[in-house]
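Novice: Below you'll find the structure I mean.
Nothing in this text is a laboratory measurement; each read-out follows from the coordinates by a stated rule. Just so it is clear, the model here is predicted, and its values are computed rather than measured.
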């Protein structure tokens, strides 16, 4: 249960950092307590979701 909660915190941190609103306190916490593998996985998930959102928006805007 602790690992799931830790990964949720990692997802929140990656999301905040992705948009540039990560606080210094959370960033310091991430460097001291976060697992590198969690950040890699969460970062890849964020990038895939971002690309999927861009593709979806472009497909709606441009005529086919």
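Novice: Could you give the angle, 0 to 90 degrees to the nearest 10, between helix 24-33's Cα long axis and the longest principal axis of the Cα atoms of the chain?
Specialist: 70 degrees
Novice: For the chain, what does the helix formula give at 222 nm: sum of -39500 (n - 2.57) over DSSP H segments with n ≥ 4, over the residue count, nearest 500 deg cm²/dmol?
Specialist: -28500 deg cm²/dmol
Novice: Give the label of the value calculated from the structure for Cα Rg over 2.2 N^0.38 Å, choosing from (i) 1.15; (ii) 1.26; (iii) 1.38.
Specialist: Correct label, based on the coordinates given: (iii).
Novice: Rounded to the nearest 10 degrees, what's the angle between the helix 2-19 long axis and the longest principal axis of the chain, both from Cα atoms, 0 to 90?
Specialist: So the helix axis and the longest Cα principal axis differ by about 50 degrees.
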